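First the structure, in the form of structure tokens, and then the observations on it.
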Amino acid sequence: MSNGVFETLELKPHAYPGVLVTLCGVDGAGKSSLMERLESACTRAGLNCVTTFTPTRRIRKDALFRDMVDSHWHTSSAGSGLDVHRRRVDMLGILLSIMGDLVQHLTDTVIPALERGDVVFCDRYVFTSQAEIGTRSDPAETAPVLRSIAGHLLRPDVAFGLNVSGATSHHRVRARNDENDQPPPMSFLTRQVAAYRAVFEVNGVVALDAERSLDETFCQALSHLVAIDRVAGRLGSLGAECPTRSVAAC
């Protein structure tokens, strides 16, 4: 299936006793804050939780990866053939590195936690990679690579996609007041936000309106978490944390 830009990723279902919850969205969407709230709620309900993130530090400290993140350029079919080919190969190489890191992280961290019956919260997942690479290159060029790797990646029990506008992302990142963490140009952010929305749609990711307050976003996410059979009995009481009207409306 395709929405004309991105293809659906056919991920591998898992039968582990634990639960995998992923959160994706542009910088400033509120992933970390929401993950903290969800983890806290699950911990209070007596569940063992693991929080993690991808790409791991193995990749984040790589100079080529940092260049991709910090350089807000866009590749396309326009321009000289040599330059376009060089950039395309770079994007494919970076994607392969990120996917290799994700497969290894699933093997050494995520799967053992799921085998123990833990609830695993993962800040960013393959949907982030699909959107980020797609923002910087032609998604059709990397689709075959993602398609071949997707079958080796676990399908989350629930995948959340936090949606905010480019303006909100820009404002929230600037509000951190960190000179080493500055938002990209609005022209790039506009493409990035559109890519994330398209990826969420084609993959059936649960879209959350993160323009709303954290309390509202938390209640919306919680309503999906308590519906997971393997933890429903333990999490049923958590519905009391949100007004009935708020949960029902999500």
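No value in this document is a laboratory result; all are computed from the given coordinates. Remember, it's a predicted structure, so these values are computed and weren't measured experimentally. Don't worry about glycine lacking a Cβ; one is built from the backbone with ideal geometry, like all the others, and counts go over all protein chains shown.
Sorting T128, T107, T56 from the fewest to the most surrounding beta carbons within 10 angstrom yields T107, T56, T128. By other beta-carbon atoms within 10 Å, ranking M99, M91 with the fewest at the front produces M91, M99.
A simple rule links phi to the HN-Hα coupling: the Karplus curve 6.51 cos²θ - 1.76 cosθ + 1.60 with θ = phi - 60°, which for region 124-133 gives 6, 8, 4, 5, 5, 4, 4, 6, 5, 5 Hz, with x for Gly and Pro. Neighbours of A210, meaning other residues whose beta-carbon lies under 15 angstrom from its beta-carbon, give a summed charge of -1 when Lys and Arg score +1 and Asp and Glu score -1. A crude spin-label estimate for the pair D209 and D178, with each label 7 Å from Cα along the Cβ direction, gives 2.9 nm. Working from label points 7 Å from Cα in the Cα-to-Cβ sense, the T56 to R147 distance is 2.9 nm.
Put simply, the amide H of L208, placed in the peptide plane, has neighbours under 5 Å in G161, L162, N163, leaving out anything fewer than 5 places away on its chain. Using C-alpha pairs under 8 Å with a sequence gap of at least 6, the mean separation divided by the residue count of region 95-225 gives a relative contact order of 28 percent. Length available on full extension from D229 to A15: 0.36 nm per residue minus the Cα-Cα distance, which gives 75.8 nm. Centre-to-centre, using Cα atoms only, region 12-41 and region 153-204 are separated by 15 Å.
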